[in-house]
1. State yes or no: is residue 344 among the aliphatic types (A, V, I, L, M) and modelled with pLDDT under 80?
2. For region 330-337, indicate whether the set of residues that are among the hydrophobic types (A, V, I, L, M, F, W, C), buried (at least 17 other Cβ atoms within 10 Å of the Cβ) and not in a helix (DSSP H, G or I) is non-empty.
3. Within region 364-382, how many residues are touching a Ser or Thr at 6+ places or on another chain (Cβ under 7 Å) and either farther than 30 Å from residue 313 by Cα or without any contact (Cβ under 8 Å) to a residue 40 or more places away in the chain (or both)?
4. Give all pairs with beta carbons closer than 7 Å in which a residue from region 347-363 that is closer than 23 Å to residue 88 by Cβ meets a residue that is of a type outside the set (Lys, Arg) and assigned to a loop (DSSP other than H, G, I, E, B); count only pairs at least 6 apart in sequence or on separate chains.
5. I want to confirm something. Restricting to region 214-269 and keeping residues that are under 18 Å from residue 292 (Cα atoms) and polar (S, T, N, Q), which single residue is surrounded by the most Cβ atoms within 10 Å (Cβ to Cβ)?
Amino acid sequence: MTTDPPSPRTDDSASSGKSGPAPRPSGVKQDLREIGAGIVRMWWRFFDWLAVVSWKKLLLVSLLALIVGGILKQPHPVFLLIIASIIMLGFGLWWLARAEASARKKGEGYGTDADLAVDAPENQIVRERATTSGTFDPAEVRRGHQSDAAPSIALAAFPLAIVVGVNLLMSLFVLPRLDASYLADLAWGSTSLSAVAGVWAVVTALATAIVTLIAINYRRLPALRASMDAGANASALPVLTVASLVGFGAVVAALPAFATVRDWVLSIDGGPLVSLAVATNVLASLTGSASGGLTIALDALGDAYMRLAAAQGIDPALMHRVAVISAGTLDSLPHNGAVVTLLAVCGSTHRESYLDIVMVAIVGALLGLVAVIGLGTAFGSF
């Protein structure tokens, strides 16, 4: 047995000409990185599986989802979701496969006209159209100072989890325990806690998430003020767009002629589900935005349809799903911001590519909508 002190590990490695394995970092950060990497791998494996899965396996997974929904006592939403999703996915994949076969037959490829692609952040038309359907101004993408070290996916998703968690915490536990009787006073707008609780919860959740994001990424933000300025500027146009849509809906609802339009919409043959689908489709097509059409439809006609649902025994959740699917159909007309941005970024034109967008984004959604309305009419609220 020797009593000499052990020599350092680096000396052993140097003398043997071999380097030992790098020490593995431990702790919460490493665990979060591994969890994030695992989520990313599972996410992309899911899409790889979805691209090649057979219809038999897809139907089996749908059946398992229905069983899980029954266990959770929520089979009806899952059923509607599966039916609409299968129709949209099946029709979209069929059309894309048909278009691919046609392109291969003609010897077409991806093309070499890379110079035709428009720089979206610098294109004024793209900027004007994109802000009507998105929540970010493309012109602000390159502003601020971006860090060279990107956060892990777990850290990037953590502020989003904060938004959801704080929102639930405020809505279920904090706000119901507050004494908000003062809100009934005229000085506070003669309102109630139930009328403002949703806004208070969301604002608090967003503010908490912003503070959390800055705290966990402070070293990755070399110019915090410039980045926050860019974010505030980027939100200006979308905020004004959404506000104008809500204001437009309120003004339209206040016009004397709106009563005539409302009566016509409510009297459309086929029942409330059909008339709601028609009204939401028309408004979404006019605004070129699914959220805009849905907002105006629910603000202007929501109360009337809730009364119809109560009178005819229709589940309000079913009407909500019909309205949501309807908003995502005719919103993809040529003037839609997402369509304009997609074609500009891809260096294509409406003449070359819009037919495929119509078939995948509009026709497939309409087929799913018809199926949901038919099932809802035949079986009531499921």
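1. Working: among the aliphatic types (A, V, I, L, M): yes; modelled with pLDDT under 80: yes.
In short, yes.
2. Step one: filter region 330-337 for residues among the hydrophobic types (A, V, I, L, M, F, W, C), giving 330, 333.
So of that shortlist, the ones also buried (at least 17 other Cβ atoms within 10 Å of the Cβ) come out as 330, 333.
Checking the rest, the ones that are also not in a helix (DSSP H, G or I) come to 333.
Within region 330-337, one or more residues are among the hydrophobic types (A, V, I, L, M, F, W, C), buried (at least 17 other Cβ atoms within 10 Å of the Cβ) and not in a helix (DSSP H, G or I).
3. Residues meeting the conditions: 1.
4. 350/334; 354/334; 362/329
5. 241
The values are calculated or read from the model by the stated rules, or taken from the named source; none is laboratory data. The structure presented is a predicted model; accordingly, all values stated were derived computationally and were not measured. In this analysis, Cβ positions are derived from the backbone assuming ideal geometry, glycine residues included, and neighbour counts consider all displayed protein chains.
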